[in-house]
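Accompanying notes for the structure given below.
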């Protein structure tokens, strides 16, 4: 079953360039959560463990594909964006959501929703991976916790081989998500950026640092790096991103973003960006992301 949602963009959804990636992920992620709630017949805020502990559908993997014809920032004020969401479930532990979005007059009701082929990409698309967790000792320690009061039988099964959990684990071991190839040339040394988490602005209603705000932290590090160093100038437009989450940070902690910039030897108009985020509390890796962006 595909669930569809329409969003007319206003000032809360845009910045100076139009629709912004962190805001896109916030709303697409919200529709993902709404789709899960609709499928199981109850709000996600009501999910509980066997012992009554709170359960949250945390994001652990995100992949975004953005075609040249429809960059994120091309969706401006008063545009109506249609989101189509298709779910698959790995038992009652993890949920995959495939989200296709485009202008309502472009994305039809019968367009197939599947993992896209970048070579034939038509609509911008997002793949979400959620896993059910419960906090053990605040944000710093999260444990997998299947909800005991929800029925996932109405959601099509996700074969274990297709579970993006495996991509996340392999990336942690390799230190790479596979978007930036070995032939790409690194432009200078890694750039280090520190960010003090804002306990009010950066958290969500569950008290966790909001998953989409990690993209904001990366964007701040990226902007600082390009302003401080002789890197390719011009606005940067996302074409492909993979992000894996391995933990969360305490809302009063400081995180460190290490950013490496790479040049695509075949397309000088494109750069590769690798972001590694660790928390100051214990130095643990909590997020890894790679992005391909086009220099305008």
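For region 76-104, the tally of residues that are touching a helix residue (DSSP H, G or I) at 6+ places or on another chain (Cβ under 8 Å) and either surrounded by fewer than 19 Cβ atoms within 10 Å (Cβ to Cβ) or assigned to a loop (DSSP other than H, G, I, E, B) (or both) stands at 2. For residue 227, the stated conditions do not hold, so it cannot be described as touching a residue at least 60 places away in the same chain (Cβ under 8 Å), within 26 Å of residue 74 (Cβ to Cβ) and either in the same structural domain as residue 121 (by TED's automatic domain parsing) or not in a strand (DSSP E or B) (or both). Beta carbons closer than 7 Å, at least 6 apart along the sequence or on distinct chains, pair a first residue in region 161-187 that is within 17 Å of residue 277 (Cα to Cα) with a second that is in a helix (DSSP H, G or I) for 177/171. Suppose the filter is touching a residue at least 40 places away in the same chain (Cβ under 8 Å), part of a strand (DSSP E or B) and more than 20 Å from residue 157 (Cβ to Cβ); does residue 58 pass it? Against the criterion (touching a residue at least 40 places away in the same chain (Cβ under 8 Å), part of a strand (DSSP E or B) and more than 20 Å from residue 157 (Cβ to Cβ)), residue 58 qualifies. Going residue by residue through region 221-237, is there one that turns out to be under 26 Å from residue 35 (Cβ atoms) and in contact with a strand residue (DSSP E or B) (Cβ under 6 Å, 6 or more places away or on another chain)? No, region 221-237 has no match at all.
State whether the residues of region 93-101 include one that is touching a residue at least 40 places away in the same chain (Cβ under 8 Å) and closer than 11 Å to residue 147 by Cα. Scanning region 93-101, I find at least one residue that is touching a residue at least 40 places away in the same chain (Cβ under 8 Å) and closer than 11 Å to residue 147 by Cα, so the answer is yes.
The values are calculated or read from the model by the stated rules, or taken from the named source; none is laboratory data. These figures come from a predicted structure and were not determined experimentally. Don't worry about glycine lacking a Cβ; one is built from the backbone with ideal geometry, like all the others, and counts go over all protein chains shown.
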